[in-house]
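Have a look at the structure below, then the notes.
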Amino acid sequence: MESFRELWTRAVRPREGFRARALEAPTLAGSVKDLLLLRAPLAFLGLVLGYLSFSGLYARLVSPDSEVWTHILRQLPEAVDPAELRAALANLPAAPGLHALLPWMVLLAPVAVLGLWLHDATFDHVALWLLGGLRERRGFRASLVADAEALKVGAFGAAAALLGDLPVVGFAFGLLLLPVAVYFWILRGYALAAWHGCPPWKGVTATLVHVALVGVWLVLMILACLLMLLMLL
């Protein structure tokens, strides 16, 4: 696996860095292995921090003594008995302890990384095809390697994004890190350009078309669900 210095150089000089890496012709298996070694631990930490934030929020929502319910109970109409509502909240199950979910998180982390990689490679490849960036006919395998290499470099962004998963202050950090997320998103475009031999602007544009394609896919899925619901009614 490459050093962090090499990955950082590729992050700050993506055009030259990915072009040089493409000339080394890394294998698909090697790129994916290194990707998992880098990103799976970060994905695991993200799951842990995300669950800690969720469990803290859930505990506040189901606690009748929280500020949320204190305000709601004051606004209840006279027909609603606050004691019954408190009893109902007390009967809600507690969130599972983190220790019970850790084994599942260990298993889920690499699956999440592989899912992200396959999703990005698929939509990036289709977007690049729509832009006419596949002229050298290097195929989907080139997109798989390119995205694996780009996601390896994206480990720096993923590490910074962990700040957005911190309890309480995560939302503020998430907003501050939004430009970093955008940068590492379009960084994949330089990798696509290097592996497919197309101009960098086509690779970068493909990552933006990727967003549009996902939006269209989501709209179609929602319409399909609504159509199925109407057919059942």
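The values are calculated or read from the model by the stated rules, or taken from the named source; none is laboratory data. Just so it is clear, the model here is predicted, and its values are computed rather than measured. Heads up, the Cβs are rebuilt from the backbone with ideal geometry, glycines too, and the neighbour counts pull from every protein chain shown. Side chains are part of the model used for accessible areas, which takes the heavy atoms of the whole protein and leaves out ligands, DNA and RNA. Shrake-Rupley method; radii C 1.70, N 1.55, O 1.52, S 1.80 Å.
Quick one: count up the residues across segment 108-129 that are surrounded by fewer than 20 Cβ atoms within 10 Å (Cβ to Cβ) and in contact with a helix residue (DSSP H, G or I) (Cβ under 6 Å, 6 or more places away or on another chain).
So the answer is 2.
Would you confirm, using the coordinates I've provided, whether GLY154 is in contact with a Cys (Cβ under 7 Å, 6 or more places away or on another chain) and either acidic (Asp, Glu) or buried (at least 23 other Cβ atoms within 10 Å of the Cβ) (or both)?
Here the answer is no, as GLY154 does not meet what is asked.
For GLY132, state whether it is of a type in the set (Gly, Ala, Ser) and touching a Cys at 6+ places or on another chain (Cβ under 9 Å).
The answer is yes for GLY132.
Name every residue in segment 113-146 that is of a type in the set (Gly, Ala, Ser) and either free of Cβ contacts under 8 Å to residues at least 40 places away in the same chain or within 24 Å of VAL216 (Cβ to Cβ) (or both), in order of residue number.
Within segment 113-146, GLY115, ALA121, ALA127, GLY132, GLY133, GLY139, SER143, ALA146 qualify.
Which one of these is under 16 Å from ARG138 (Cα atoms), of a type outside the set (Lys, Arg) and in a helix (DSSP H, G or I): ALA172, ALA194?
Going through ALA172, ALA194 in turn, the sole match is ALA194.
Looking at (1) in contact (Cβ under 8 Å) with a residue 24 or more places away in the chain; (2) open to solvent by 10 Å² or more (accessible area, probe 1.4 Å); (3) of a type in the set (D, E, K, R), which is the one condition that is false for GLU149?
(2)
Taking only segment 21-51 into account, find how many residues are in contact with a helix residue (DSSP H, G or I) (Cβ under 7 Å, 6 or more places away or on another chain) and part of a helix (DSSP H, G or I).
Qualifying residue count, segment 21-51: 21.
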